[in-house]
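**Q** Structure in structure tokens, see below.
The values are calculated or read from the model by the stated rules, or taken from the named source; none is laboratory data. Fair warning: this is a prediction, and the values are worked out from it, not measured in the lab. Neighbour counts run over all protein chains shown; Cβ positions are idealised from the backbone, glycine included.
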Amino acid sequence: MPEPLSRRAFIGTAGAAAAAAALPGPAGAIEAPAIRRPVQNHFAAVSSGNGLRAVNRAFELVEAGTDTLDAAVEGVKIQELDPADNSVGYGGLPNEEGVVQLDASCMHGPTKRAGAVAALEGIKTPSEVARLVLKYTNHILLVGEGARRFALSYGFETENLLTPESRELWLRWRANRGTADDWLDVPESEKMTARPTGTINLNVVNAKGEISSVTTTSGLAWKIPGRAGDSPIVGAGQYTDNEVGAAGSTGRGESNIMVCGGFLTVEHMRRGMKPTDACLETLKRVVAATPPRLLDARRRPTFGLQFYAVNKRGELGAASLYPARYAAHDGREGALRDAAFLYESR
Ligand code: GLY
């Protein structure tokens, strides 16, 4: 990524451009001097398709002077606290025993710190608990009962995270998952066959080039108790390097963990790739690392996975295995956009 030009380099470039401009061009025309201006950082936020409110909230907060990590956590908390988003926080779909277990991680670029929690039960906002791990401990990842007790020590209260809707969805799944058990199937018309992998990732950079990222999820619906996906894994679910940018993911976590996708996407940007190209490159690595049992007859993944990235200058982008939307705020407005993709259809 080009660095901002020093005054000496700027004068040198402008001087060379002026000298070149005095010479006639190929057709004899005088070409306009190619003056390079110093690169300016600017605000940008990029998130998954459920993150439009999150990028808008992050923008408001950063404009008011809030730190990028605090703004990112406040952004994703909107989804964590929303009972209608059953991929994150309160109302998230539970594990196979009907227990909601939440994962989250975050990074703060300026202070080079990270925090995460996995399989956290009873706390609606795991992103806040991950930030507490980042701020107040010498560790990065707390799991299960230890993570819950850590949260309680900061004043969180254990709550029931199942909503009537998420309980209903789980009960239907349990009734229909097999024919050889003692649960009587619910009618065919009511069968729930989908196995959602929602999540929210949000990456924020401010005009000073300070970068943070956060990812939070209830993980794969009906998972084996104790399963942690990519979201709480620093370097997979999200990653920030304050010199380069940040990236994160939603979708099938195991496939992301196999390539350390958050980290890999930032490394692609470090080598000069634009955010969207970096995300696409990481997805190609995912496909290359996918075992045959997860590929269809045309060798396409049978799962979904998306990456979102922002660089230090405020350029942003996203890519998906299959067509998807993502949320972006470029400092002027927040909007949903079409992500780049590898395959048109499954
Ligand atoms: N990406 C969310 C999960 O796999 O848990």
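**Q** Got a number for residues in the stretch 244-276 being in a helix (DSSP H, G or I) and within 14 Å of the ligand (Cβ to nearest atom)?
**A** Count: 7.
**Q** Of all residues in the stretch 184-222, count the ones that are assigned to a loop (DSSP other than H, G, I, E, B) and either at pLDDT 95 or above or not basic (Lys, Arg) (or both).
**A** The total comes to 21.
**Q** Another one. Any idea how many residues of the stretch 223-238 are in contact (Cβ under 8 Å) with a residue 40 or more places away in the chain, in contact with a strand residue (DSSP E or B) (Cβ under 9 Å, 6 or more places away or on another chain), in a loop (DSSP other than H, G, I, E, B) and not polar (S, T, N, Q)?
**A** 8
**Q** If only one of ALA324, ALA340 is touching a helix residue (DSSP H, G or I) at 6+ places or on another chain (Cβ under 9 Å) and at pLDDT 95 or above, which one is it?
**A** One residue alone meets the criteria, ALA340.
**Q** Then there's this: Answer yes if at least one residue in the stretch 145-161 is touching a residue at least 40 places away in the same chain (Cβ under 8 Å) and within 23 Å of ILE200 (Cα to Cα), and no otherwise.
**A** Checked the stretch 145-161: at least one residue is touching a residue at least 40 places away in the same chain (Cβ under 8 Å) and within 23 Å of ILE200 (Cα to Cα).
**Q** Go through VAL76, VAL55, VAL100 for me and flag whichever is under 16 Å from the mean Cα position of the chain (by Cα) and within 16 Å of the ligand (Cβ to nearest atom).
**A** VAL76
**Q** Taking the residues in the stretch 277-318 that are hydroxyl-bearing (Ser, Thr, Tyr) and not in a strand (DSSP E or B) as candidates, determine which candidate is nearest to GLU344 (Cα to Cα).
**A** THR302
**Q** Turning to a different aspect of this structure: How many of the residues in the stretch 208-222 are more than 16 Å from the ligand (Cβ to nearest atom), of a type outside the set (Ser, Thr, Tyr) and in contact with a Gly (Cβ under 8 Å, 6 or more places away or on another chain)?
**A** 2
**Q** Checking the conditions here, which among SER255, SER345 is free of Cβ contacts under 8 Å to residues at least 24 places away in the same chain, over 24 Å from GLY209 (Cβ atoms) and among the hydroxyl-bearing types (Ser, Thr, Tyr)?
**A** After applying the criteria, what remains is SER345.
**Q** Restricting to the stretch 223-243, what's the tally of residues that are of a type in the set (Val, Ile, Thr) and within 9 Å of the ligand (Cβ to nearest atom)?
**A** 0
**Q** While we're on this one: Residue by residue through the stretch 84-124, note down the ones that are buried (at least 24 other Cβ atoms within 10 Å of the Cβ) and β-branched (Val, Ile, Thr).
**A** VAL88, VAL100, VAL117, ILE123
**Q** Please tell me if VAL310 is among the hydrophobic types (A, V, I, L, M, F, W, C) and under 17 Å from GLU210 (Cα atoms).
**A** The answer is yes for VAL310.
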